[in-house]
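Single-structure report; data block below.
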Amino acid sequence: MKPCLKRAERKMRIEKAQEYGATVVFTFSNTVTHIIADKDIKYNEILEFLQLTEIPEGIAVTNPRWPGDCIRYGKLVDPKDFWYQVPGCPTESQQRNPLQDAPISEPIGGHSSLPSSPPSSLQVQPRPPPKQQPETPTNSQKDALDEAIEECLTTTPINIEDFLGSSSSSDTESSPESSPKRRKKASSSSSNSARDWQSHFQCMHKHTGALNPENPNSRTIQILEEMMQIYDSLKDQWRTRSYRIAISTLKSSNTTYISTYEQAISLPGVGDRLAKKIVEIVSTDRLQRLEYAKLDPKDQILKLFHGIYGVGLVQARKFVAAGYTTLEDIKKNATLTEPQRIGIERYSDFKQRIPREEVKQHGDIVSTALKTIDEKVQSHVMGSYRRGAKDCGDIDIILTKEGAGVEELHEVLEKLVEKLFDRKFLMCGLAIARHDDGTKWHGASRLEGEGKPWRRIDFLVVPGEEIGAAFLYFTGNDVFNRSMRLLASKKGMRLNQKGLYKDVVRGKNREKLNEGTLLESKDEKKIFEILGVPYRPPEHRIC
DNA sequence: AAACAGTTGGG
DNA sequence: CCCAAC
DNA sequence: GTTT
Ligand SMILES: O=c1ccn([C@H]2C[C@H](O)[C@@H](COP(=O)(O)OP(=O)(O)OP(=O)(O)O)O2)c(=O)[nH]1
Ligand SMILES: [Mg+2]
């Protein structure tokens, strides 16, 4: 009915229903057995649409979840079930017994009256499965993203975006030069035009741009993103990566509604499993695996434990295996490292986002204290703050000084930390440089005042010569960094927080046998340049 | 089967 | 060395 | 989970 943007999606579901024997009509008549309304359509809107004053007895009114579930369970489930109700539906007279209010029970048929006696209440009139005719919504709007992409394409010899957008692919058989032969300044390599495809940032992620409802696959994307977040919270980094890549290609194919297995699996980054999931989403509007995962109590606990600073995959699993279910359990019974102990103590503090303004305040305090130690040492707030985020997960600060080496700066760091402890700004250390050449300090800080939460704060000590690489690293985001580094390694180079190196020799299992020779470390932009990546300001480094 | 980034710090 | 974090 |  209403949401035009969902036309393609709706069409898919209609065709699916027909495939299973339904006859679909759009006006009311006495042959109608079920009325399926789009999500968020109200009961009285249905009446209006059908020009009725009431729905005759014996006709089921449901949301689109019902046909989806029927297909899923291979039978007609009870359309009266809670899950399928249309908002505003008056029928809620004496619904089921209050006992049944358990939220866990899945919609599988209860029993009631109603016409839908088992097989056949829909007018069964088997039709041949309709051929898909993928929709191509009139939607060729360009947005900021596209502009950025185009800019890249004009200046990008190879498919840089494959790495940065991480849609990968392309380097398949067709690669004219799979052999590691590259001319130095390949600025016009332009290889084949056979592959001007894709290229996309996936930079439109949740925080920044909200999802793009113009995309015909927005529902699929939304569900896959939920799946990805679950895997992320469980620290399954590989699945998370795969979902991210697949989602990114879906976002880029924003003119085609992906509805069949063949369509899906032909997309780069989408394999058998994800293609099946996409088909399930498209035909049922849900993903069973997701709903199950959301409820899995074990996953919930794992997620809780992973939220503790210092607790990762292995520890969290051990805690669960030991039967712990709450933070109190762990605190009382488990053997913890000191950082973990603090992580539990400050669990809720550390989980809160930090308003941008407060990040700045922390940065200013550090900066001020620094001046009393060494005028020439500068501090820079990095991380999500530098990328312009409205709120940050922590405070990331680089300490640097022109011409200085780590040893000198390390001393400054120690003095700084001492001073800030004295001032009751720093509350604890969590991971601190062990040697005189240590470069990082992780801890917690807090503003003055009643009830101020502790904040995670990270210092990174950076010799003047490495400031470019360090800025690149500490600005992130993490996905962007990994993309850049992967790209570097594919070009026979190595990128880390100290610099960009060439002639890296990698041995047997990719292990590096060779540090490589330094190409650049002082100038952030030059690193982009050498890698052949068009420069991107921090705000655009969100992948 | 192995890679998917490359590094520093706790214990 | 393994684990966790950036 | 996907690609090589
Ligand atoms: O696995 C990682 C994590 C982080 N970083 C870099 C990029 C990142 O931007 C910076 C700071 O890390 P942090 O964890 O603070 O991320 P953030 O980008 O600042 O986001 P948040 O707002 O969650 O702090 O360190 C990496 O290179 N790899
Ligand atoms: Mg941060």
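The values are calculated or read from the model by the stated rules, or taken from the named source; none is laboratory data. Everything numeric here is computed off the predicted structure, so don't read it as measured data. A quick note on method: Cβ atoms are made from the backbone with ideal geometry, for glycine too, and the neighbour counts reach across all protein chains shown. We work out accessible area using only protein heavy atoms, side chains counted, and drop any ligands, DNA or RNA first. Shrake-Rupley method; radii C 1.70, N 1.55, O 1.52, S 1.80 Å.
Peptides A:308-316, A:325-333 ranked from most to least packed by the mean count of surrounding Cβ atoms within 10 Å: A:308-316, A:325-333. When you count the other C-beta atoms within 10 angstrom of each residue and take the mean per peptide, A:478-485, A:287-294 line up highest first as A:478-485, A:287-294. Computed from the Cβ-Cβ distance with R0 of 25 Å, the FRET efficiency linking A:Q229 to A:A321 stands at 0.55.
Per 0.36 nm of contour for each residue apart, how much would the distance between A:D329 and A:E411 grow if the chain were fully extended, relative to their Cα-Cα spacing?
Gain in length upon complete extension: 25.5 nm.
Annotation note: GluC sites (Glu not before Pro) in the range A:364-432 located in DSSP loop regions with a Cβ neighbour count of at most 11 within 10 Å are A:E375, A:E402. Based on protein heavy atoms only, the range A:346-543 ends up with 49 Å² per residue of surface accessible to a 1.4 Å probe.
Annotation for A:F421 and A:L486: the two label points, set 7 Å from Cα along the Cα-Cβ direction, are 4.1 nm apart. Between A:T337 and A:Y261, the contour length at 0.36 nm per residue exceeds the Cα-Cα span by 22.5 nm. From the Cα gyration tensor of the range A:395-507, with a ≥ b ≥ c the square roots of its eigenvalues, which class applies: rounded if a/c is under 1.5, or else prolate if a/b is larger than b/c, or else oblate? Prolate, because a/c is 1.5 or more and a/b exceeds b/c.
Remark on the range A:240-334: hydrodynamic radius 15.7 angstrom, per the Kirkwood mean of 1/r across alpha carbon pairs. Here the accessible area is traced with a 1.4 Å probe on the protein chains. For the range A:346-543, carbon and sulfur cover 46 percent of it.
For the cross-link pairs A:K298/A:K452; A:K251/A:K522; A:K277/A:K303; A:K401/A:K452; A:K376/A:K502, the ones whose C-alpha atoms lie over 26 Å apart are A:K298/A:K452; A:K251/A:K522; A:K401/A:K452; A:K376/A:K502. Fully extending the segment from A:D296 to A:K376, taken as 0.36 nm per residue of separation minus the present Cα-Cα distance, adds 23.4 nm.
Estimated from the Cβ-Cβ distance and a Förster radius of 41 angstrom, the FRET efficiency linking A:W238 and A:E450 is about 0.40.
Calculated on C-alpha atoms, the gyration radius of the range A:352-422 divided by its Kirkwood radius gives an Rg/Rh of 1.00.
Rg and Dmax of the range A:346-543, based on Cα coordinates, read 17.6, 57 Å.
Highest mean packing comes first when the peptides A:436-442, A:351-357 are listed by Cβ atoms within 10 Å, giving A:436-442, A:351-357. Which residues among the range A:240-260 fall inside the zone where the amide N is under 17 Å from a point 7 Å beyond the Cα of A:K276, along Cα→Cβ? The answer is A:243, A:260.
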